[in-house]
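Inspection log for the structure reproduced underneath, given as structure tokens.
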Amino acid sequence: MIFQTLLFDLDGTLLDTAPDFISALNTQLLRHGRDPIPDSAIRACVTNGSAGLIEKGFGISVDHALFDTIREEYLDLYFNNIAVKTALFAGLEQVLDTCAERKIPWGIVTNKPWKYTSAVLEQLSMLDVAATVICPDHVQQPKPHPEAMMLACSETSTLPKDCIYIGDHRRDIDAGNAAGMVTIAAGWGYIEADEDINSWNADFTLTNSNQLHQLLFNQ
């Protein structure tokens, strides 16, 4: 496959951050006298951010009087243990190594706020290696709007048609498609049970992160 820049969504695509989200939520639930939730039940909710996790754990919606307080407590717990168990998905270190060997820039376009994105990448010694890291803080309209995608192109001096974007949510594929990029649906990510990733209209759909290197470099 011929491309000039490789872009990833972060949570559930490049990094398996779920274990640290799970630890933070179950720690908080125990603090509030609630039973912990099985890992598998939390994992698919990570794609919905902290709001989705609080709704799952405490059974309250965003209009609940205590929602903001509980959410802030949760985010503090997560931030203070942000990269204890987080790691690259299987096979993706090889992808990044090959990008380095071939001098192909790679970057991140995420809806995760900069505070948390920069912290986790710094802990994993990845912040200074990425050619671009775009968060909602850097744009007026986050994904699924293509603004963040176009900013990543600008920062890497790449035309959208020469970029590949990989994500584990429909909004990722919508944003990449709207920007005119080649898109890959990451079926290994945090996908809810009733979601049909084949309906996202990605150019490619993979079920396992170990398949990505073959698709990108060995066709």
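The values are calculated or read from the model by the stated rules, or taken from the named source; none is laboratory data. Bear in mind the structure is a predicted one, so any value in this text is a computation, not a measurement. Ideal geometry is used to build each Cβ from the backbone, glycine not excepted, and the neighbour counts take in all protein chains shown.
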| message | Condition first: of a type in the set (V, I, T) and over 26 Å from D174 (Cα atoms). Now tell me which residues in region 109-134 satisfy that. | response | V129
| note | For region 170-205, the count of residues that are aliphatic (A, V, I, L, M) and over 24 Å from L159 (Cβ atoms) equals 3
| query | Can T69 be described as crowded, with 16+ Cβ neighbours inside 10 Å and either touching a residue at least 24 places away in the same chain (Cβ under 8 Å) or assigned by TED's automatic domain parsing to the domain that holds T27 (or both)? | reply | no
| remark: Within region 28-50, residues being loosely packed, with under 15 Cβ neighbours inside 10 Å and in a helix (DSSP H, G or I) number 5
| request: Just one of (1) in contact with a Gly (Cβ under 7 Å, 6 or more places away or on another chain); (2) surrounded by fewer than 24 Cβ atoms within 10 Å (Cβ to Cβ) trips up A186, so point out which. | output: (2)
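The rows are residues; the columns are (1) within 26 Å of A41 (Cβ to Cβ); (2) of a type in the set (K, R); (3) in contact (Cβ under 8 Å) with a residue 12 or more places away in the chain.
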site: T132; (1), (2), (3): no, no, yes
site: P136; (1), (2), (3): no, no, yes
site: M150; (1), (2), (3): no, no, yes
site: Y165; (1), (2), (3): no, no, yes
site: R170; (1), (2), (3): yes, yes, yes
site: G176; (1), (2), (3): no, no, yes
site: G180; (1), (2), (3): no, no, yes
site: W188; (1), (2), (3): yes, no, yes
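Is it true that D20 is surrounded by 19 or more Cβ atoms within 10 Å (Cβ to Cβ), modelled with pLDDT of 95 or more, within 29 Å of L206 (Cα to Cα) and touching a Lys or Arg at 6+ places or on another chain (Cβ under 6 Å)?
Numbers: surrounded by 19 or more Cβ atoms within 10 Å (Cβ to Cβ): yes; modelled with pLDDT of 95 or more: yes; within 29 Å of L206 (Cα to Cα): yes; touching a Lys or Arg at 6+ places or on another chain (Cβ under 6 Å): yes.
Spelling it out, D20 is indeed surrounded by 19 or more Cβ atoms within 10 Å (Cβ to Cβ), modelled with pLDDT of 95 or more, within 29 Å of L206 (Cα to Cα) and touching a Lys or Arg at 6+ places or on another chain (Cβ under 6 Å).
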| Is at least one residue of region 165-179 over 17 Å from I108 (Cβ atoms), at pLDDT 95 or above, over 16 Å from the mean Cα position of the chain (by Cα) and outside any strand (DSSP E or B)? | yes
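Residues L127, L96, L121: which one is assigned by TED's automatic domain parsing to the domain that holds D174, within 28 Å of G176 (Cα to Cα) and not in a helix (DSSP H, G or I)? Lay out the reasoning, then the answer.
On the way: L96 fails: not in a helix (DSSP H, G or I); L121 fails: not in a helix (DSSP H, G or I).
Matching residue, one of L127, L96, L121: L127.
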| request: Please tell me if L88 is modelled with pLDDT of 95 or more, surrounded by 15 or more Cβ atoms within 10 Å (Cβ to Cβ) and either closer than 22 Å to S157 by Cβ or not aliphatic (A, V, I, L, M) (or both). | output: no
